[in-house]
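Following: one structure in structure tokens, then a few remarks.
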Amino acid sequence: MTRRPARLARVAALLVVPLLAVTACGGSGGGEGISASATSSSTSAAPETTSSSPEPSEESSSPEETATPATGIQLADVPGYTYGDAPADFATMGKALTDTGLVSEVKVVGLDTPDGETAVVLVAAQYTPEVTKSFEGMPMESILGGVAGGVKPSLTGKVTEETITVDGTDIVVLASPDLSVALVYFDGGLLAQMYGPDRDALVTAAKAFVTAQNAG
């Protein structure tokens, strides 16, 4: 694909940060609330760093939890696909997501078919332990429903929504004439967002990815 990935990247770049913010807010609220929550979390963190004196800052950095590095997002090999570079427009997406303070790590890759075309772009984001803990006991439809609610206003034309279950894992699929999105949340705080211009190709790739990820 030559033209389609560029169009995909432009559209997806507008969606991915709001997706994370919606989910972290417990699946409620519209676009304005999403922006406000992301902004308030970043602004409230700033005064703490500027107001602390040298000695307290040393004490505050000593707890193990705050110093623990990300364990690393592990993506399973997906039969029939290889991981490749995402379109160039996705290059800054990882930083944009981590800057929200909601995730500890992001991987942005393309799932390529054997002929070298990018079937979908996969954005895998690991929520922080605090956010992950807030999801414990929450129904999956609430988590993914909140994410889907943030995506819909950004899609143009008629949008359809369906939930597909693979190996006990729900995949929410939103399809519009220009872009389709698959959303999956894995236990442990991993949110996978897959973007593709073709709905059927997206669903096929999403099913394969979920199967491989669960097996891994």
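The values are calculated or read from the model by the stated rules, or taken from the named source; none is laboratory data. Small disclaimer: the values here were computed from a predicted structure and weren't measured. Cβ: placed from backbone, ideal geometry, glycine included. Neighbour counts: every protein chain shown. Protein only, heavy atoms only, side chains kept; ligands, DNA and RNA dropped before computing areas. Shrake-Rupley method; radii C 1.70, N 1.55, O 1.52, S 1.80 Å.
Points to keep in mind about this one:
- Computed from backbone phi, the HN-Hα couplings of segment 121-128 come to 9, 9, 10, 9, 10, 9, 5, 5 Hz, rounded to whole numbers (Karplus: 6.51 cos²θ - 1.76 cosθ + 1.60, θ = phi - 60°; Gly and Pro given as x).
- Glu117 accessible area, 1.4 Å probe, all protein chains in place, Å² to nearest 10: 80 Å²
- Thr160-Met140 pseudo-label distance in nm [points 7 Å out on the Cα-to-Cβ vector]: 2.2 nm
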